[in-house]
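Reviewing the structure listed below.
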Amino acid sequence: MRLDRELANYSPVKDSLITIGVFDGVHIGHRYLVSHLKKIASDANLASIAITFRQHPQQILNPDYQPPFLTDAEEKAELLKAEGIDIVIVLDFTRDLARMRAREFLEILQKKLRMRGLVVGPDFSLGKDNEGNIATLKKLSQEMNFSLTVIPPVIINGEVISSTAIRRSLAEGDIEKVQTMLGRPFSLHGRVVHGKGRGAILGFPTVNLDIMPGQAIPSDGVYASLACVKDKVFDSVTNIGKNPTFGDNERTVESYLLDYHDDLYEHKVRIDFIKKIRDEIKFNSPAELRNQISVDIISARKILAGIEKPDQCRIKRSGSVSPN
């Protein structure tokens, strides 16, 4: 069985407490659950383990619905590890896994990962046809002798924090709300590729990012942002859109680094979005666009001067989280 093989790579040195989820975005609701996992595990002298998936389960369960991802598998694992989890396991979500019964899945966790307990959210379910809901898990926990802890969601201004809510706010360009729900700035990262060179012609050379297909992207517009380059942070202005002034059809993500002038082609760059400055609009001429870019840079400098910025490219988070 593939799951057996994947889990064979992990062998906790002691019994474990496990959480399972997609954890897309690793937002403050996820972090609240993880903080309980760590506390309970520490008190009981258990290893803390988070299991997540390379693919969103909906890619297998409902191919017609493909939610854009907030964080790819590598970034998810890094964010979960940064929360202090002892072991982070990233599994392939396959049709075989989707067909597995809840009891069978839990038996494998007990055998391979020495699971002594589960920590999950109130809407959690696992197993074929989502049979392993909270009610079923309570029965199985008694029969199979493991603990079950259900953690309430985090609620802000009456809204449950969720990956779906973050995707919606991101599509609306409400970057500040997204940052509140994530507990850190929303980021895009990718390799710098050649664009059409128009930024350089206008006097503002940009880095063009090769964004992974399926990545959630903010709404079209101009943003004050921070660029993580070679482990240093630079103020930047990022444009998302189709460059309507030039009649382009391809949506691009390009960033002008305010105080950086070296060649970055083929390097990886991370862009942290801080605040939306304006929507993308069509200008009557390149000269008019050039003037507006100068205004955007002034706006971005004012915005970015008022925030705390790290000296290095480390993950920046807000403080502790609470359920409401």
- Message: Using 32 Å as the Cα-Cα cut-off, could you pick out the over-long pairs in 81/232; 232/275; 38/138; 81/177; 38/276; 128/268?
- Response: 38/276; 128/268
- Answer label, with Cα extents along the principal axes in Å calculated from the coordinates and candidates [x] 63, 49, 36; [y] 73, 38, 38; [z] 77, 47, 39: [y]
- Query: Restricting attention to segment 1-50, which trypsin sites (Lys or Arg not before Pro) occupy a DSSP loop and are surrounded by at most 13 other Cβ atoms within 10 Å?
  - Reply: 14
- Item | Cleavage-rule hits (chymotrypsin sites (Phe, Trp or Tyr not before Pro)) in segment 4-96: DSSP loop, at most 10 neighbouring Cβ within 10 angstrom | 65
- Task: Could you list 188, 7, 33 in order of exposure, starting from the residue whose Cβ has the fewest other Cβ atoms within 10 Å?
- Result: 7, 188, 33
- Using only helices, what value at 222 nm comes out for the chain when you add -39,500 (n - 2.57) per DSSP H run of length 4 or more and divide by the total residues, to the nearest 500 deg cm²/dmol? -9500 deg cm²/dmol
- Evaluate the distance, in nm, between pseudo-label points positioned 7 Å from the Cα of residue 292 and of residue 72 along their respective Cα→Cβ axes. 3.1
- Which cross-chain or sequence-distant (5 or more) residues have an amide H under 5 Å from the amide H of residue 309, H modelled 1.01 Å from N in plane? none
- Task: Note the direction-averaged projected area, equal to a quarter of the hull surface, for the Cα convex hull of segment 217-287, in nm².
- Result: 5.4
- Message: Can you compute the radius of gyration and Dmax for segment 80-217, using only the Cα atoms, both in Å?
- Response: 21.0, 70
- Query: What is the spin-label model distance, in nm, from residue 130 to residue 267 if the labels are put 7 Å beyond Cα along the C-beta direction?
  - Reply: 4.6
- Message: If you average 1/r across every pair of different Cα atoms in segment 2-156 and take the reciprocal, what Kirkwood value do you get, in Å?
- Response: 15.7
- With the Cα gyration tensor of segment 187-305 giving a ≥ b ≥ c as the square roots of its eigenvalues, does the rule (a/c under 1.5 for rounded; else a/b larger than b/c for prolate; else oblate) give rounded, prolate or oblate? rounded
- Query: Hey, how many Å between the Cα centroid of segment 8-79 and the Cα centroid of segment 149-200?
  - Reply: 18
- Item | Whole-number Å³ per residue for the convex hull built on Cα positions in segment 37-126 | 112
- Message: Loop-only chymotrypsin sites (Phe, Trp or Tyr not before Pro) in segment 243-300, please: DSSP not H, G, I, E or B, and at most 10 other Cβ atoms within 10 Å.
- Response: 265
- Can you give the longest stretch of the chain with no exposed loop site, where a site means GluC sites (Glu not before Pro) in a DSSP loop (not H, G, I, E or B) with at most 10 other C-beta atoms within 10 Å? 1-249
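The numbers here are math on the coordinates, done by the rules we state, and not lab data. Model, not experiment: these values are computed from the prediction. In this analysis, Cβ positions are derived from the backbone assuming ideal geometry, glycine residues included, and neighbour counts consider all displayed protein chains.
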